[in-house]
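Notes follow the structure.
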Number of protein chains: 2
Amino acid sequence: MPVNLPLPQAENLKPVAGVELGWAEAGIRKANRKDVLVVRVAEGSTVAGVFTRNRFCAAPVQVCREHLASGKGIRALVINTGNANAGTGHLGLANARATCDALAAKLHISTDQVLPFSTGVILEQLPVDRLVAVLPAAIANAKPDNWLAAAEAIMTTDTQPKAASRTVQIDGKTVTLSGISKGAGMIRPNMATMLGFIATDAAVAQPVLQALVSHAADHSFNSITIDGDTSTNDSFVLIASGKSGAAIDRAEGPAFEALREAVTSLAQELAQMIVRDGEGATKLMTIRVEGGKDVAECRQIAYAVAHSPLVKTAFYASDPNLGRILAAVGYAGVDDLDVDRVNLWLDDVWVARDGGRNPDYLEEDGQRVMKQAEITVRIALGRGNAEATVWTCDLSHDYVSINADYRS
Amino acid sequence: MPVNLPLPQAENLKPVAGVELGWAEAGIRKANRKDVLVVRVAEGSTVAGVFTRNRFCAAPVQVCREHLASGKGIRALVINTGNANAGTGHLGLANARATCDALAAKLHISTDQVLPFSTGVILEQLPVDRLVAVLPAAIANAKPDNWLAAAEAIMTTDTQPKAASRTVQIDGKTVTLSGISKGAGMIRPNMATMLGFIATDAAVAQPVLQALVSHAADHSFNSITIDGDTSTNDSFVLIASGKSGAAIDRAEGPAFEALREAVTSLAQELAQMIVRDGEGATKLMTIRVEGGKDVAECRQIAYAVAHSPLVKTAFYASDPNLGRILAAVGYAGVDDLDVDRVNLWLDDVWVARDGGRNPDYLEEDGQRVMKQAEITVRIALGRGNAEATVWTCDLSHDYVSINADYRS
């Protein structure tokens, strides 16, 4: 059961002029489910992305980087689930390119105007023939108000589709943003999440769009973790069609800031949806580390806490066994940390004071907070002004069941 | 059920002349179980240790470091379970010192000749009165052939006591070594394990003993992980009573090498016992990384694989979902890794060749190995001659149950 994650309603997902989405069923891993998504992007749009830093990055990620670098103007995205096309060597690269070739031919564009994405099992070859065979069907049903179906088409172990929209006023014009994401395991994005796509009808110059996508990723998909496993396929892409008439040419000023806020807030919502629907998740934990010397050490400590299986199982059990959090802070690798300055809160409950148990802390107060579905862990280091926030979920029996059974 | 871990038999555990062990029941956390161990060490013995690098190191660890540095000659160890005396501030330090004071008074030695150790729950004060009250009982039943009872007295979530012995011929004399260890969760030692003690009747000069304990720790307790959580209390101590007549004064030469081999091999056995009895463990995995530029990067990759919840659950399920191993290799943080040179074996089965699936690999072969209780994962990086080995266990439903219920 996802944590406070209502099903998205189609009527709340706003079409973005210049962007059409179509799906198909290719039976790549399982029959009778949407597993292919084609996104068509109007001519003149800009597109920017960030991708996994895993050295074993998947074939489609390599092709995405090449095609974005070509500067031709991206006109279409093609996404499949059921197979990650990772650890597949030269044949995997050829299959990713063949997919782009096939879609380009049907849309009368060039191959390097197509971005391919895959997600699913690693170390198996992509059944490219089955994928190519359904591209005409996906093109045929592409339309602007297909965001919910698009979110469904990219699900793997997700229990719910993930999609959201925003509108923002820029220079007197209404700018719309809609986005989708997927992912529930192998989630510890390093540059971007499993798959996230946001489209807006603002007009955004390419370097500005790249700045936007990096900023939004750092404050959303790059700040979540479920199991600490950085995927081979993480990709987050931002599309700007320009159809609203609002134009942003510089990475500064009020128009840029308004759009950055909207993109970042939408990306955060989509990223948190991934954690809320994390494999086996029963709780959403916000790990906030403040008072650090720099953001890097705050993130390092936040991730140590977020990845600790002992911390995660204690939250699952609603057991205020909070020494486990201090242990994780201690082994996070900040070698000159003065633990006598460390303070710890669970929501409003002051648990550890100056490195030890707060004399006023009552276990019943900790217990009360631990029973909640959403909990903020706040760790103050007392050595500077930097801060960072990471979102994660607990570790439950269902996480083990899901990952012990995933392929069977 | 521990993995291939027979119960130690008392008759196989050899007394070490000059070392006596006595236990008691203090009811520190639970009634009617051995939870205090006193180890008496003959005058003239040398003692050396390595301790956790967790910044939140426990009060007894701080006191151990002080007392070893005093150079007075350690004459006794006192160990309690049920409470880690960590995250306990100044009162925790005072309690650790009070324990040493009480034991020293009873044994007519000085306080800094006592080393204290604690293991159990973090962030709660040690019930020092209950601990001190049973010290006379522990002293009264101390004897040289108490190694099995000693191993039982330091257990927490361990399902079995862990103890082993060795003999080695040095300069025509028979040298005996016996050791005990404990730990089943919060196991990712960084300098030493939860608790490990080895005694020998060799005579070993203090700096030589320190070299021995560091070497043995690096190749045993510092190469295991269960859940990646580095404890606040890890301690590994080596005691040399000198009663055998064999004397080792220099950290080189055949006598030193014979003793180093015996200590390291015993420490490895004790460390592997911890993994075999890891919380919820059903399998023992040996992760061997070779062909690295240096040992550090081999260890970094081995630990990334050993800590991946996705890898660990796949082993639990006997599912040869081996792309998860490549993903972990890829995100381990070796930024210039050329994945096209990476090869992967599961025991004798060649799974990945030059960064992709080995064309000759058959899933049924992977399946056969995955069903075993002990599995070696061998990863060849193809960039140098360094190598490292890490031992770990799988992640099962029982791990979650044990840690969700630990305090309740």
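What follows draws every value from the coordinates through simple rules; no lab data is involved. Computed from a predicted model, the values in this text were never measured in an experiment. Positions of Cβ are backbone-derived with ideal geometry, glycine not excepted, and every protein chain shown enters the neighbour counts.
Points worth noting:
- Sorted by Cβ density within 10 Å, fewest first, the residues B:Met186, B:Met370: B:Met370, B:Met186
- Annotation: the antiparallel percentage among DSSP beta bridges lying fully within chain A is about 65.
- Dipole magnitude of segment A:12-76, debye to nearest 20 (Cβ charges: Lys/Arg +1, Asp/Glu -1, about Cα centre): 260
- Of interest is the spacing of the C-alpha centroids, which for segment B:351-408 and segment A:312-386 amounts to 33 Å.
- Relative contact order [Cα under 8 Å, 6+ residues apart], segment B:284-405, whole percent: 47
- Pseudo-label separations to other copies for A:Lys72 - Cα-to-Cβ vector, 7 Å, nm: 7.9
- The same position A:Ala137 in the other copies lies at 7.4 nm from this copy, comparing label points 7 Å beyond Cα toward the beta-carbon, shortest first.
- Ranked by the mean number of other Cβ atoms within 10 Å per residue, highest first, peptides A:141-147, B:335-341, B:177-183 order as B:177-183, A:141-147, B:335-341.
- Secondary-structure-derived ellipticity at 222 nm for chain B, considering helices only, amounts to -10000 deg cm²/dmol, per-run term -39500 (n - 2.57) for DSSP H runs with n ≥ 4.
- Counting DSSP beta bridges with both ends in segment B:284-405, the antiparallel % (nearest 5): 70
- For the protein assembly as shown, the dipole from Cβ point charges (+1 on Lys and Arg, -1 on Asp and Glu) about the Cα centre works out to 160 debye, to the nearest 20.
- Going from the residue with the fewest nearby Cβ atoms within 10 Å to the one with the most, B:Val19, A:Val305 rank A:Val305, B:Val19.
- Over segment B:84-163, Cα pairs under 8 Å with separation of 6+ residues give a relative contact order of 31 percent.
- Highest-MSF residue in chain A out of A:Leu103, A:Leu362, A:Leu21 [GNM, Cα springs under 10 Å]: A:Leu362
- For the residue pairs B:Lys106/B:Lys162; B:Lys34/B:Lys72; B:Lys106/B:Lys182; B:Lys173/B:Lys243; A:Lys30/A:Lys143, alpha carbon separations beyond 19 Å are given by B:Lys106/B:Lys162; B:Lys34/B:Lys72; B:Lys106/B:Lys182; A:Lys30/A:Lys143.
- Relative contact order [Cα under 8 Å, 6+ residues apart], chain B, whole percent: 18
- Environment charge of A:Arg341, counting only residues whose C-beta is closer than 9 Å and scoring Lys/Arg +1, Asp/Glu -1: -2
- Which of A:Tyr361, B:Tyr316 has the fewest Cβ neighbours within 10 Å, and the rest in rising order: A:Tyr361, B:Tyr316
- For the protein assembly as shown: rounded, prolate or oblate by the Cα gyration tensor [a/c cutoff 1.5]: prolate
- Neighbours of A:Gly183 by Cβ distance under 13 Å: Lys/Arg scored +1, Asp/Glu scored -1, total -2.
- The magnitude of the dipole of chain B, with charges of +1 and -1 set on the Cβ of Lys/Arg and Asp/Glu and taken from the Cα centre, is near 1060 debye.
- Positive dipole terminus of segment B:10-276, leading residue within B:Ile170, B:Thr159, B:Ser220 (C-beta point charges): B:Thr159
- At least 30 Å along the helix axis (C-alpha) and Kyte average at least -1.0, DSSP helices within chain B: B:253-276
- Whole-angstrom gap from segment B:152-176 to segment A:89-163, using each part's C-alpha centre: 59
- At 7 Å out from Cα toward Cβ: B:Glu374 inter-copy label distances (nm, ascending): 5.0
- FRET efficiency, A:Asp249 to A:Asn32 (Cβ-Cβ, R0 56 Å, nearest 0.05): 0.75
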